[in-house]
1. Which residues, counting only those in the stretch 350-380, are at pLDDT 90 or above and open to solvent by 30 Å² or more (accessible area, probe 1.4 Å)?
2. With a cut-off of at least 3 residues that are over 30 Å from Met263 (Cα atoms) and not charged (D, E, K, R), name the strands (runs of 3 or more DSSP E) lying wholly within the stretch 116-194.
3. Given Gly50, Gly31, Gly78, which one is closer than 24 Å to Thr18 by Cα, without any contact (Cβ under 8 Å) to a residue 40 or more places away in the chain and either outside any strand (DSSP E or B) or open to solvent by 50 Å² or more (accessible area, probe 1.4 Å) (or both)?
4. I'd like to know if the stretch 234-241 contains one or more residues that are over 14 Å from the mean Cα position of the chain (by Cα), more than 10 Å from the ligand (Cβ to nearest atom), in a helix (DSSP H, G or I) and crowded, with 24+ Cβ neighbours inside 10 Å.
5. With the condition kept exactly as written, say whether any residue in the stretch 190-206 is within 16 Å of Ser355 (Cβ to Cβ), within 15 Å of the ligand (Cβ to nearest atom) and buried (at least 23 other Cβ atoms within 10 Å of the Cβ).
6. So in the stretch 293-306, with the set limited to residues that are in a loop (DSSP other than H, G, I, E, B) and within 20 Å of Asp137 (Cβ to Cβ), which one is most open to solvent (accessible area, probe 1.4 Å)?
7. Applying the selection to the stretch 87-122, what residues are open to solvent by 30 Å² or more (accessible area, probe 1.4 Å) and within 12 Å of the ligand (Cβ to nearest atom)?
8. All but one of (1) surrounded by fewer than 24 Cβ atoms within 10 Å (Cβ to Cβ); (2) modelled with pLDDT of 95 or more; (3) over 22 Å from Glu362 (Cα atoms); (4) not acidic (Asp, Glu) hold for Trp126, so report the exception by its number.
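The values are calculated or read from the model by the stated rules, or taken from the named source; none is laboratory data. The structure presented is a predicted model; accordingly, all values stated were derived computationally and were not measured. FYI the Cβ positions are ideal-geometry reconstructions off the backbone, even for glycines, and counts take in every protein chain you see. Ligands, DNA and RNA are stripped out before the accessible areas are found, and what is left, the full protein with its side chains, is counted by its heavy atoms. Shrake-Rupley method; radii C 1.70, N 1.55, O 1.52, S 1.80 Å.
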Amino acid sequence: MSDTQNPSGSAPRGFETTAIHAGNTADPVTGAVVPPIYQVSTYKQDGVGGLRGGYEYSRSANPTRTALEENLAALEGGRRGLAFASGLAAEDCLLRTLLSPGDHVVIPNDAYGGTFRLFAKVVSRWGVQWSVADTSDPASVRAALTDRTKAIWVETPSNPLLGITDIAAVAQVARDAGARLVVDNTFASPYLQQPLALGADVVVHSMTKYMGGHSDVVGGALVVDDQELADELAFHQNAMGAVAGPFDAWLVLRGIKTLPVRMDRHSENATKVADMLTRHARVTKVLYPGLPGHPGHEVAAKQMKSFGGMVSFQVEGGEEAAVEVCNRAKLFTLGESLGGVESLIEHPGRMTHASAAGSALEVPADLVRLSVGIESADDLLADLKQALDGK
Ligand SMILES: *Cc1c(COP(=O)(O)O)cnc(C)c1O
């Protein structure tokens with residue numbers, strides 16, 4: 001295994017081609033066009049230390065995981081991809097690689113509830129300090145820095161408020177402060193947005209979402225371009241052990257092949273849904289970066305290919321009304337998570353973001369979040385209308 005997964009010098013390819021081919025070389029033994037699921041823990045050595053292809057134990061490396069990791073690096077334009085058992089496992093490995101007791105990190109005022117919980121309930125116990133900033137405003141990030149700030153964490157678009165952060169602008173703040181910029185790219189996927197090219201140091205993914213794309217696997221990823229950081233992360237990935245299993249890696253690798261076509265349709269359907277919601281009498285506010293009135297619209301248009309499949313909105317009548325809309329939806333399945341081909345609806349305040357209650361990351365009680373799937377748009381619009389109209 002080479003430690004440079006995305007060697008420069010290879011001919012540049014289109015994203016769709018890379019999604020299908022990077023890491024997916026035909027099996028050398030049988031010619032199988034899809035990498036096998038190497039469901040194996042250990043590898044025969046040809047004499048002590050005589051490894052075939054560099055594999056000795058599957059926590060350290062497994063060929064199916066390697067295929068996915070090469071694919072991830074290529075898609076994000078980084079030197080190294082690392083696949084984990086979940087998005088939070090990836091985040092945990094990253095934080096314990098970057099931070100030591102006494103260090104400080106700036107976190108966004110809108111983020112995945114589990115990311116906030118990791119900072120507030122886990123990492124803080126190890127003596128890491130954190131402050132909350134409005135990352136959509138680079139001045140707010142600058143104001144939150146201390147002389148111990150080692151990392152700035154950004155999620156864009158954010159979960160569940162669909163806030164947009166100017167990655168290039170915050171990358172400059174991070175460079176000035178000698179801190180690393182981490183971007184959670186879960187909502188956009190590398191097809192819509194490539195943070196490393198905009199100056200980020202680390203890209204984080206919950207591959208459970210759009211990368212897998214079929215609500216059938218939990219996984220996480222880190223992608224970096226800096227070789228030294230790549231080596232440190234790979235060391236910690238093996239030392240801490242929360243790696244993606246072979247079958248999970250294979251499912252994500254399969255999902256990624258259709259990422260571009262899925263994301264195009266997610267964005268198209270979400271645009272139609274957002275448009276309908278803005279005209280619905282019971283909807284008081286629609287949060288979708290594709291809407292010209294969204295405060296982050298121009299930045300999103302600059303750094304994203306299209307605006308993605310996530311839409312949130314606020315309902316007249318407060319929390320109970322929002323909960324009722326969720327309960328009445330039929331085609332939109334009531335459930336947590338996002339990014340699958342099937343549409344989902346949820347109430348962040350009581351579901352995904354319940355752990356942020358009472359904090360700076362608390363979400364509005366009348367908020368409903370949609371993961372707009374790739375079903376027929378007319379069916380999605382009809383379902384949302386009946387859920388809002390209550391008849
Ligand atoms: C789901 C999610 C995570 C956590 O990923 P898991 O795979 O559930 O551990 C992190 N960030 C964002 C934006 C998410 O949506």
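1. The answer is Arg350, Met351, Pro364, Ala365, Asp366, Ile374, Glu375, Ser376, Asp378, Asp379.
2. Details: elements: 129-133, 149-155, 180-184.
In the stretch 116-194, the matching strands (runs of 3 or more DSSP E) lie at 129-133.
3. Every option except Gly31 fails the conditions.
4. As a first pass, look at the stretch 234-241 and keep what is over 14 Å from the mean Cα position of the chain (by Cα): 234-241.
Now narrow it down to the ones that are more than 10 Å from the ligand (Cβ to nearest atom): 234-241.
Next cut, in a helix (DSSP H, G or I) only: 234-240.
Filter again for crowded, with 24+ Cβ neighbours inside 10 Å, leaving 237.
Checking the stretch 234-241: at least one residue is over 14 Å from the mean Cα position of the chain (by Cα), more than 10 Å from the ligand (Cβ to nearest atom), in a helix (DSSP H, G or I) and crowded, with 24+ Cβ neighbours inside 10 Å.
5. To start, the set of residues in the stretch 190-206 that are within 16 Å of Ser355 (Cβ to Cβ) comprises 206.
From what is left, the residues that are within 15 Å of the ligand (Cβ to nearest atom) are 206.
Going one step further and asking which of them are buried (at least 23 other Cβ atoms within 10 Å of the Cβ), we end up with 206.
Yes: one or more hits.
6. As a first pass, look at the stretch 293-306 and keep what is in a loop (DSSP other than H, G, I, E, B): 293-296, 304-306.
This time we only want the ones that are within 20 Å of Asp137 (Cβ to Cβ), so: 293-296, 304.
Values: Gly293: 77, His294: 24, Pro295: 131, Gly296: 8, Met304: 14 Å².
Among those that are in a loop (DSSP other than H, G, I, E, B) and within 20 Å of Asp137 (Cβ to Cβ), it is Pro295.
7. Leu88, Asp92, Tyr112, Arg117
8. Every condition holds for Trp126 apart from (2).
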